[in-house]
Amino acid sequence: MHIAAKWLIASTVVLISLGSGISQAEPTPEEAPAITKKIAIVIDDFGNDMRGTEEMMALTIPFTAAVMPFLPTTRRDAEWAHKLGHDVLVHMPMEPVRGKKSWLGPGAITTDLSDEEIRTRVQAAINDVPFAIGMNNHMGSKVTADPRVMRIILEVCKKNNLIYLDSKTTHKSVVQSLAKELGVRTLENHIFMDDQYTRAHILKQARKVEAHVKDNETTVVIGHVGTPGKYTAAAIQQSVPALKQIAEFVKISQLAP
């Protein structure tokens, strides 16, 4: 065969091969579905330089700092959280069904107080926690089930344009019904991360959080500084990669209706 003819045949084969390669290019992968679920982490008991405070402030996700009033680091912790871009709540001490009143700390709300004293104490607490956008209860199983006391607390919250997060320390809570009546923006806690202080329990709760997120559009989780603080901070941080696959971490104000 003539050399020119051989060259022409070879060139044609190469072009056909290239064309075939182009036509058989791999399809682009499907776009990942948009993440619509939201999770808000709330950390209680800031204000007294408790164990785990630094670890919580080092978390790489948005969270909400619930700061107790009238304590040595109340202002520092509220300002610290705000500077980091987190929401701040007044973590209002309220009387429980069980437990000593002395455990509550200064300025606590108890069911034996007069209407005016309750108003005065709640307003003073709000004034003492800078940058607060809302309030939640510290303990409070007795107060949050008392319509008279809770009505006054929610009225003061409304006056200050605060949301109220019911920590749900009792199933008898009247917060939701009263808040609806008064027009106060309100949310409920779904899971306590560390209602028991062991590392094993906290990790178990972390798995429960993931299950709740998968089954619900919004999830509110409460953890604490203090005795379980370092364990809880570590468990939250370890859960972040998996949770980010299915939900967006948000501040509590982003969930308020």
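For the stretch 197-222, the set of residues classified as of a type in the set (G, A, S) and either surrounded by 13 or more Cβ atoms within 10 Å (Cβ to Cβ) or at positive phi (or both) consists of A206 only. Checking the stated criteria, T186 turns out not to satisfy the condition of being among the hydroxyl-bearing types (S, T, Y) and over 19 Å from the mean Cα position of the chain (by Cα). Within the stretch 182-196, the set of residues being exposed (fewer than 15 other Cβ atoms within 10 Å of the Cβ) and closer than 24 Å to M50 by Cβ comprises D195, Q196. Taking the stretch 227-253 as the range and being assigned to a helix (DSSP H, G or I), more than 27 Å from N48 (Cα to Cα) and of a type outside the set (G, A, S) as the test, the residues that pass are P241, L243, K244. Could you tell me how many of the residues in the stretch 94-122 are under 19 Å from A65 (Cα atoms) and in a helix (DSSP H, G or I)? The number of residues fulfilling the criteria is 1.
Residues checked against (1) assigned to a loop (DSSP other than H, G, I, E, B); (2) of a type outside the set (G, A, S); (3) touching a residue at least 40 places away in the same chain (Cβ under 8 Å):
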position: I35; (1), (2), (3): yes, yes, yes
position: A40; (1), (2), (3): no, no, yes
position: D44; (1), (2), (3): no, yes, yes
position: D49; (1), (2), (3): yes, yes, no
position: E55; (1), (2), (3): no, yes, yes
position: A65; (1), (2), (3): no, no, no
position: L71; (1), (2), (3): yes, yes, no
position: R75; (1), (2), (3): no, yes, yes
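Count of the stretch 117-155 residues, restricted to those that are crowded, with 21+ Cβ neighbours inside 10 Å and under 22 Å from A81 (Cβ atoms), is 11.
Checking each residue of the stretch 124-135 against the condition of being of a type in the set (S, T, N, Q), in contact with a helix residue (DSSP H, G or I) (Cβ under 9 Å, 6 or more places away or on another chain) and at pLDDT 95 or above gives no match.
Is it fair to say N160 is of a type in the set (S, T, N, Q) and crowded, with 18+ Cβ neighbours inside 10 Å? Spelling it out, it is not the case that N160 is of a type in the set (S, T, N, Q) and crowded, with 18+ Cβ neighbours inside 10 Å.
The values are calculated or read from the model by the stated rules, or taken from the named source; none is laboratory data. Worth saying up front: this structure is predicted, and the values here are computed from it rather than measured. Glycine also receives a Cβ, built like all others from the backbone with ideal geometry; neighbour counts cover every protein chain displayed.
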